[in-house]
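What follows is a short report on a single structure.
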Amino acid sequence: MKYNVYLRENVIKHQFASTDRSRVELAARLLRLAGVGAEVKKVGGRDVWYVEATTDMLATGHKELRDAVRRVVEEAPEKGWVDEKKARRWLEKLKKGRLLKERWPKYEVRLVEGALEVSFSSTNSDEIEHEARRFRDMDLVEGRHFTVRMFEGGRKGYVSILREGLAYAAWLSIHGFDEQQKPVAEFVSYILERAEKEGKEVYEKAKEIVEKGRAKGSLRLADVRGLMWKWKTGGT
């Protein structure tokens with residue numbers, strides 16, 4: 001199956017289009033197998049369907065896909081398609097995306113009616129379950145600290161971190177047991193980085209929740225176990 005790669009002004013587009021929807025569905029499945037969450041869309045009122053992945057999506061894909069895109073970008077300045085500065089920026093983004101994928105997938109951090117929303121969505125149920133399992137391993141409780149929804153038929157599912165979950169993760173990053181602290185601290189730091197990229201208001205809200213979570217205080221081991229139980233069960 002042949003995809004087209006377009007080097008637009010500010011973005012790389014990896015695209016497949018056809019009047020045969022089944023072929024486009026197959027192209028989307030192949031992209032998902034390569035680690036890229038992509039959906040089939042229709043071109044206006046025409047009987048043409050397409051699937052595409054842009055720079056950030058491609059950066060989180062598997063090595064074979066990233067390498068193929070990287071080769072196109074590396075050749076682009078020589079062929080006069082883009083200037084070297086833009087090509088270097090895209091190559092750096094592909095590299096950063098790879099490093100991000102090795103730690104955490106791309107979480108969306110935003111404000112919805114003033115409330116912080118932190119979530120990861122994917123059409124791949126295995127990816128959703130993987131994230132949920134990581135939170136369980138951190139001692140977060142489903143329903144109390146995070147929620148999970150998975151759908152069939154290619155629809156996106158998601159795992160969402162609740163306000164209480166982010167606050168508890170922040171507390172664990174400081175006061176948790178040794179084996180807990182590193183992965184939880186990495187997650188909290190990552191969410192703050194994502195929030196900062198979304199703007200001052202989003203960052204301030206995330207920072208407020210994290211600081212309140214950390215401020216629960218340092219306690220004796222027996223008290224820590226008791227407080228952890230209250231965090232998990234919602235006790236007061």
Check your understanding: Using 17 Å as the cut-off for backbone N distance, which residues of the range 181-198 belong to the label zone defined by a point 7 Å from the Cα of LYS216 along Cα→Cβ?
Key -> 181-189
Review point. Is there a pair in LYS182/LYS212; LYS13/LYS41; LYS63/LYS197; LYS106/LYS216; LYS86/LYS205 whose C-alpha atoms are over 24 Å apart, and which pairs would that be?
Key: LYS63/LYS197; LYS106/LYS216; LYS86/LYS205
Review point. Label GLU113 and ARG136 with points 7 Å out from Cα along Cα→Cβ: what is the distance between them in nm?
Key: 3.1 nm
Point to revise | Ratio Rg/Rh [Cα only; Rh per Kirkwood] for the range 57-201 | key: 1.05
Practice item. Would you kindly work out the equivalent ellipsoid of the range 4-103 from its C-alpha gyration tensor and give its semi-axes, the square roots of five times the eigenvalues, largest first in whole Å? Key: 24, 17, 10
Exercise for review: Could I have the simple spin-label model distance between LEU33 and GLU9, label points 7 Å from Cα toward Cβ, reported in nm to one decimal?
Suggested key: 3.7 nm
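Take peptides 200-207, 73-80, 155-162 and line them up by average Cβ neighbours within 10 Å, highest first, as a rough protection proxy. Present the calculation step by step, with values, prior to reporting the outcome.
Details: 200-207: 16.2, 73-80: 13.4, 155-162: 18.0.
Going by the mean number of other Cβ atoms within 10 Å, highest first, we get 155-162, 200-207, 73-80.
Based on the inverse mean of 1/r over its pairs of different Cα atoms, what is the Kirkwood hydrodynamic radius of the range 106-191, in Å? Each step should come with its number before you reach the end.
Numbers: mean 1/r = 0.0756 Å⁻¹.
About 13.2 Å, per the Kirkwood formula over Cα pairs.
Throughout, read-outs are computed from the coordinates displayed, never taken from laboratory work. Owing to the predicted nature of the structure, the values given are computational and were not obtained by experimental measurement. Positions of Cβ are backbone-derived with ideal geometry, glycine not excepted, and every protein chain shown enters the neighbour counts.
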